[in-house]
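Please read the structure below before turning to the comments.
The values are calculated or read from the model by the stated rules, or taken from the named source; none is laboratory data. Since this is a predicted model, take the numbers as computed values, not measurements. Positions of Cβ are backbone-derived with ideal geometry, glycine not excepted, and every protein chain shown enters the neighbour counts.
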Amino acid sequence: MSTLILTSSLLAIVVTSLDAATPPPLIPRSVLFANPRVNDPVLSPDGLRLAWCEADAQGRLRPRVVTLGARDTVSYLETERADVQAVEWAGDGRHLLYRLDQNGDENWHLWALDTRTGKTRDLTPFRGVRAEDFWVSAKVPNEVLVGLNRRDARLFDVHRIDLTTGKITLEATNPGHVVSWAVDRDFKVRAAVALDPRTSDTILLGRSKGDTAWRALQSWAFANASSDRYQRILGFRADGEAIYVQHPIARNTTRISELPMRGMRERELTSSNPEADIWNIADFAGASSRAAVLLNPRTGRPEAWATYALKPEWKAIDAALAPDLEALGAQNGGVFQVVSRDTSAQRWVVYYERDTAGGLFVLYERATRTSTPLFVSRPELAGLSLSPMQALRIPARDRASLPCYLTLPVGEPATGLPMVVLVHGGPWHRDEWVFDPMVQWLANRGYAVLQVNFRGSTGFGVQWLNAGDLQLGPGRMLQDVVDAARWVAREGIADSTRMGIMGGSYGGYATLSALAFFPGTFACGIDEVGPSDMKTLISSFPPYWAARKQRWLNRVGDVLSDSTLNRSISPLYHADAIRAPLLIGHGVNDPRVKLAESTAIVKALRARKGEVEFVVYPDEGHGIGKPANATDFAARIERFLATHLKGRAEPWKDTPGTSAQIR
């Protein structure tokens, strides 16, 4: 995919097309921050039934099932209070599997729903135990494998669970520091990814059929490896004698290889895109069928893959799929994900991303290469005036090219706009070209919205990822964000006196850091669940992050033993430099960034008479996600931004059902 740095004249042409006579009506917060109407339809193994999650009358997501070609839709309204974000079919084509936690504590339980009886069962009813990845198999249809930290809170062992009886047995014991597992075609655990606790090097482990001992197949040095989400075992070859792996070793970006289980050299199946890694598609379910590498359901062989620079690009490994990818790419704007395929791979559910509308799900029939619309994820957005998200590259101070997205308000002249810089979390994550309710809401209120894939962001290769190492606080990661914001202001699009910054998790940390280390650049900041002290953040990681702690220290710096370093990059110790007003929100049950992180910075600011509004949500964790709470926090953001950046605002009103507490 070609890259582009927009010049002033070209940018003027692009943004002029967004001008209109008057701004559009305000879109109610309750519309944009409600759950999507439909989430992730998935095909049953035989391709005859479709399951999805749909919002009920109260806006809660609940599973539904329909037989394709019939009118027998069945809704399942469980007694569990939490939203069911996504479901996965078990191998028997009868049970649906999904995960739930308690008010954001992230100790996920794996649940099974019997679609014949409507009964549900908590398959992992263990207090304080987290269910991670799970696997299903057509060969062993009545069982599920799941990773649980039941024996040791730091380590996930694999357990086998009978879907009929609920009986659970230990399948594979974690030999130490394994962070992910791989299951062969016979439904046996035979490969794993481990992290060396001293160096954070990645080690691929494997064992032959019938063996219990693990041996190292390959190791990847930390400096040459990508993040966990981008280097992984994809699956096993049909005969079980080789695994398919995705990694960037000896390249800058990820590719797919076949690695024999015994002694032979790996064989490359794809080249690498010099600009981008293989697309990492996040999921909620833990075993979602969404993938940017399509594996043949019967043989496990990789058939197609997608890389993602500023937008995704699909390529076929199996030439037989090339016409399918071409047909799908020619429809509905061409930005698509394959959500689900049946066992025959003849029926697909495909999701089309659209920046100015809810996503479109279609049923694709390979035999005829035709698509039938299924659902729009957010039908309530039809007819609303939404803002296109523009992909562009912006030069940093050292002329590095920053992959960015800029969204401008409809109906406003594209000059002198108030702007919100929205910083992604992670920090080893990235922004993408998507429909984003927060982005659209801010644009509707009259703000330009800038998103920056700063150095340290994932998806753009090992070099871009590693360029963020030891660059927290006032370093390159934040400099990139500041440089991009100032560039937009210099181009005349944004008013440099009315720029705000906001984000969640690392984005919240970046907000605090920007106000502390670059005072005067931003007029205000909004921090959602952001850390203020790197040492206390890393010291309080949940126990199951133990294997990844050294990786954090490698990238952040050894803040646990170097107090000078920690103080230099932690905004808590620079609170006296923060002059801009702040809004801070946090979930009380956050297991990653403890509530104490926000409490500490609020206390420090108030001791210096700083202007800070602090709101907490007792039924939230790492993020404010429940619709009532998300709407409430949005209302507070809206009022805050209107006060300090002078954008438009929907009148304040209390949000029914929110748990918000002002502190």
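Would you call I249 modelled with pLDDT under 90 and surrounded by 19 or more Cβ atoms within 10 Å (Cβ to Cβ)? When the stated conditions are applied, I249 passes them.
To keep it simple, each residue is scored yes or no on (1) surrounded by 22 or more Cβ atoms within 10 Å (Cβ to Cβ); (2) out of contact with any strand residue (DSSP E or B) (no Cβ under 8 Å at 6 or more places or on another chain).
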position: V481; (1), (2): yes, no
position: R486; (1), (2): no, no
position: G508; (1), (2): yes, no
position: S539; (1), (2): no, yes
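Among the residues of region 166-182, is any more than 28 Å from the chain's Cα centre (by Cα), hydroxyl-bearing (S, T, Y) and at pLDDT 95 or above? There is at least one residue in region 166-182 that is more than 28 Å from the chain's Cα centre (by Cα), hydroxyl-bearing (S, T, Y) and at pLDDT 95 or above.
Taking V183 and the conditions (1) touching a residue at least 60 places away in the same chain (Cβ under 8 Å); (2) out of contact with any helix residue (DSSP H, G or I) (no Cβ under 9 Å at 6 or more places or on another chain), which numbered condition does it fall short on, given that it satisfies the others? Of (1) touching a residue at least 60 places away in the same chain (Cβ under 8 Å); (2) out of contact with any helix residue (DSSP H, G or I) (no Cβ under 9 Å at 6 or more places or on another chain), only one is false for V183: (1).
Let's see how each residue does on (1) touching a Pro at 6+ places or on another chain (Cβ under 8 Å); (2) crowded, with 20+ Cβ neighbours inside 10 Å; (3) under 25 Å from F187 (Cα atoms):
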{"site": "V245", "(1), (2), (3)": "no, yes, yes"}
{"site": "R255", "(1), (2), (3)": "yes, yes, no"}
{"site": "M264", "(1), (2), (3)": "no, no, yes"}
{"site": "A276", "(1), (2), (3)": "no, yes, no"}
{"site": "L294", "(1), (2), (3)": "yes, yes, yes"}
{"site": "W305", "(1), (2), (3)": "no, yes, yes"}
{"site": "P312", "(1), (2), (3)": "no, yes, no"}
{"site": "T343", "(1), (2), (3)": "yes, no, yes"}
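Only one residue in R354, R378, R369 is of a type in the set (K, R), out of contact with any Phe, Trp or Tyr (no Cβ under 8 Å at 6 or more places or on another chain) and either over 25 Å from D46 (Cα atoms) or touching a residue at least 40 places away in the same chain (Cβ under 8 Å) (or both), so which one is that?
After applying the criteria, what remains is R369.
In region 551-590, the residue that is farthest from A221 (Cα to Cα) out of those that are surrounded by fewer than 21 Cβ atoms within 10 Å (Cβ to Cβ) and in contact with a Lys or Arg (Cβ under 7 Å, 6 or more places away or on another chain) is D576. Is it fair to say R393 is outside any loop (DSSP other than H, G, I, E, B), surrounded by fewer than 21 Cβ atoms within 10 Å (Cβ to Cβ) and either among the basic types (K, R) or touching a His at 6+ places or on another chain (Cβ under 7 Å) (or both)? Taking the combined requirement at face value, the residue satisfies it.
Yes/no per residue for (1) farther than 30 Å from F633 by Cα; (2) β-branched (V, I, T); (3) in contact (Cβ under 8 Å) with a residue 12 or more places away in the chain; (4) not assigned by TED's automatic domain parsing to the domain that holds L472:
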residue: S540; (1), (2), (3), (4): no, no, yes, no
residue: A546; (1), (2), (3), (4): yes, no, yes, no
residue: G557; (1), (2), (3), (4): yes, no, yes, no
residue: S561; (1), (2), (3), (4): yes, no, no, no
residue: S568; (1), (2), (3), (4): yes, no, yes, no
residue: P571; (1), (2), (3), (4): no, no, yes, no
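Scanning region 121-165 for residues that are surrounded by 15 or more Cβ atoms within 10 Å (Cβ to Cβ) and charged (D, E, K, R) turns up R121, R130, E132, D133, E143, R150, R154, D157, R160.
Scanning region 405-452 for residues that are hydroxyl-bearing (S, T, Y) and buried (at least 24 other Cβ atoms within 10 Å of the Cβ) yields T407, Y447.
Scanning region 256-270 for residues that are assigned to a strand (DSSP E or B) and either within 20 Å of V183 (Cβ to Cβ) or at pLDDT 95 or above (or both) yields I256, S257, E258, L259, P260. Among the helices (runs of 4 or more DSSP H) contained in region 526-592, which hold 3 or more residues that are more than 27 Å from Y617 (Cβ to Cβ) and not small (G, A, S)? Fully inside region 526-592 and qualifying: 549-556, 563-569.
May I ask you to say which residue of L328, L294, L321, L363 is closer than 29 Å to V140 by Cβ, in a helix (DSSP H, G or I) and touching a residue at least 12 places away in the same chain (Cβ under 8 Å)? Before you say what the answer is, go through the steps one by one.
Values: L328 fails: closer than 29 Å to V140 by Cβ; L294 fails: in a helix (DSSP H, G or I); L363 fails: in a helix (DSSP H, G or I).
It is L321.
R486 - would you say it is within 14 Å of A448 (Cβ to Cβ) and not in a strand (DSSP E or B)?
Details: within 14 Å of A448 (Cβ to Cβ): yes; not in a strand (DSSP E or B): yes.
Yes.
For region 398-413, the criterion of being farther than 28 Å from G333 by Cα and among the β-branched types (V, I, T) is met by no residue.
Using the structure shown, decide if N629 is without any contact (Cβ under 8 Å) to a residue 60 or more places away in the chain, assigned to a helix (DSSP H, G or I) and out of contact with any strand residue (DSSP E or B) (no Cβ under 9 Å at 6 or more places or on another chain). The answer is no for N629. Within region 457-483, how many residues are outside any helix (DSSP H, G or I) and in contact with a helix residue (DSSP H, G or I) (Cβ under 8 Å, 6 or more places away or on another chain)? Qualifying residue count, region 457-483: 11.
Condition first: of a type in the set (D, E) and assigned to a strand (DSSP E or B). Now tell me which residues in region 19-75 satisfy that. First the steps, then the outcome.
So the first thing to find is which residues in region 19-75 are of a type in the set (D, E), and the list is 19, 40, 46, 54, 56, 72.
D40, E54, listed by residue number.
Looking only at region 639-663, residues that are more than 22 Å from D105 (Cβ to Cβ), touching a residue at least 60 places away in the same chain (Cβ under 8 Å) and in contact with a Phe, Trp or Tyr (Cβ under 8 Å, 6 or more places away or on another chain) come to 3 in all.
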